[in-house]
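What follows is a single structure, written as structure tokens, with notes after it.
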Amino acid sequence: RKREQGKMPVDLRLILKEAMTLLRATLPSTIEIQLDVTKDDAIVMADPTQLHQILMNLCTNAAYEMRETGGILTVGLSIMAIEGAYLSLYPDLGPGAYVHLFVRDTGRGIAPDIRDKIFDPFFTTKKRGEGTGLGLAVVYGIVKSGGGMITVESETGLGATFHVYLPRTSMAATTAAAKRPVVAPRGTEAVLFVDDEETLVGMA
């Protein structure tokens, strides 16, 4: 359902760090995670929850393609300026500074005959019960609504790389710490934590 998005200046590096922590706990040990993250501010105007959706959808899809053989999941974040000759390479973007996110896997790759369909709602190559076909469609919608662009490069048998470009802003990032009350609220509730791995329960 469409709604007014709670957009704010967010440093995508922080969202990436959180998402990678969650993913590492859920991915099999046969999948190695490699990060290539800029040291510069990667601040975009966006809904933090939606940025999290982008990362989790792209990364879990990549992991799914490597579930049987294992492989390397590479996630990168950089700053790039699109101007001059670059404008013809990125027709959906205007001139300016962008945050470039890429997610690469070493899985089976995407067959050429379905490459143009992967962002269509309800299109999926997963078995019944394993996917809805909405993940990439949601990612596409979020990126476009944020004035960005998403592309994919792939060769059958050589994996795939998704590129996301979002307009960079010079505004200071809004952090959760800035909104947090000085005194944390307390209560008497109990928390039940359930997991199928004893180690994760201990950590929690």
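The values are calculated or read from the model by the stated rules, or taken from the named source; none is laboratory data. None of these values were measured; they are calculated from a predicted model. Note that each Cβ is placed from the backbone with ideal geometry, even for glycine, and that neighbours are counted across all protein chains shown. Only protein heavy atoms, including side chains, enter the accessible area calculation; ligands, DNA and RNA are left aside. Shrake-Rupley method; radii C 1.70, N 1.55, O 1.52, S 1.80 Å.
Of the residues that sit in segment 51-70 and are of a type in the set (A, V, I, L, M, F, W, C) and either assigned to a helix (DSSP H, G or I) or touching a Phe, Trp or Tyr at 6+ places or on another chain (Cβ under 9 Å) (or both), which one is most open to solvent (accessible area, probe 1.4 Å)?
Met56
On the basis of being in a loop (DSSP other than H, G, I, E, B), closer than 19 Å to Gly109 by Cα and of a type outside the set (Val, Ile, Thr), does Glu32 make the cut?
No.
Going by the structure shown, is Ala25 outside any loop (DSSP other than H, G, I, E, B), more than 16 Å from Leu101 (Cα to Cα) and touching a residue at least 60 places away in the same chain (Cβ under 8 Å)?
Taking the combined requirement at face value, the residue satisfies it.
Can you say whether Thr21 is modelled with pLDDT under 95, exposed (fewer than 15 other Cβ atoms within 10 Å of the Cβ) and under 14 Å from the mean Cα position of the chain (by Cα), as far as the supplied structure shows?
Taking the combined requirement at face value, the residue satisfies it.
In segment 89-118, which residues are in a loop (DSSP other than H, G, I, E, B), within 27 Å of Gln34 (Cβ to Cβ) and either free of Cβ contacts under 8 Å to residues at least 24 places away in the same chain or open to solvent by 40 Å² or more (accessible area, probe 1.4 Å) (or both)?
Residues satisfying the conditions are Thr106, Arg108, Arg115.
Tell me the residue from Leu77, Leu73 that is more than 18 Å from Gly141 (Cβ to Cβ), in contact with a Ser or Thr (Cβ under 6 Å, 6 or more places away or on another chain), open to solvent by less than 10 Å² (accessible area, probe 1.4 Å) and part of a strand (DSSP E or B), please.
Among Leu77, Leu73, only Leu77 is more than 18 Å from Gly141 (Cβ to Cβ), in contact with a Ser or Thr (Cβ under 6 Å, 6 or more places away or on another chain), open to solvent by less than 10 Å² (accessible area, probe 1.4 Å) and part of a strand (DSSP E or B).
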